[in-house]
1. If I take the Cα coordinates of the chain and project them onto the principal axes, what are the three extents in Å, biggest first?
2. How much FRET efficiency would the formula 1/(1 + (r/R0)^6) give for residue 20 and residue 40, where r is the Cβ-Cβ distance and R0 is 25 Å, rounded to 0.05?
3. What nm distance separates the two modelled labels at residue 62 and residue 11, each placed 7 Å from Cα along Cα→Cβ?
4. Please work out how much accessible surface residue 69 shows to a 1.4 Å probe, ignoring ligands, DNA and RNA, in Å² rounded to 10.
5. Can you count the Lys pairs in segment 18-93 whose Cα atoms are under 30 Å apart, with each pair 8 or more apart or on different chains?
6. Could you do me a favour and compute the accessible area per residue for segment 11-52, 1.4 Å probe, result in Å²?
7. Taking θ = phi - 60°, what integer Hz values does the Karplus form 6.51 cos²θ - 1.76 cosθ + 1.60 yield along segment 24-34, in sequence order, with x for Gly and Pro?
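The values are calculated or read from the model by the stated rules, or taken from the named source; none is laboratory data. As the structure is a computational prediction, the values presented were derived from the model and not from experiment. Neighbour counts are summed over all protein chains in view; Cβ atoms, including those assigned to glycine, are modelled from backbone coordinates with ideal geometry. Note: areas computed on protein heavy atoms with side chains; ligands, DNA, RNA excluded. Shrake-Rupley method; radii C 1.70, N 1.55, O 1.52, S 1.80 Å.
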Amino acid sequence: MQDSLVKHSHNWVIFTWVSFGVAAVMMALGIYNLEASFSAKGFYTMSAIMLVHTSVTLTKTLRDKDESEKLHNRLEDAKTEKLLLDINGTDQS
């Protein structure tokens, strides 16, 4: 299973973390400088945090689903191959 894993370069990982950091700082500054009541700023802050949380959760869920389907498909392929080998082996006798 290790062969199917994608290895990201160190620079790509740094880029994604920096991009996330910049986006988070920009969102925080935007909410801080918003001309609205404290409760409205709190609502937007909670919404932003929840959006980040659900994005991470959705991404993980989709990745896990894809990985489990790959494993399931490989198990099914192995069972089918074994069945075909058993059938072919008994036909030749």
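1. Per principal axis, max minus min of the Cα coordinates gives 84, 30, 11 Å.
2. 0.50
3. 2.6
4. 80
5. For segment 18-93, the number of qualifying lysine pairs is 7.
6. That works out to 85 Å² for each residue.
7. Each residue of segment 24-34 in turn: 5, 5, 4, 5, 4, 5, x, 5, 4, 7, 5 Hz.
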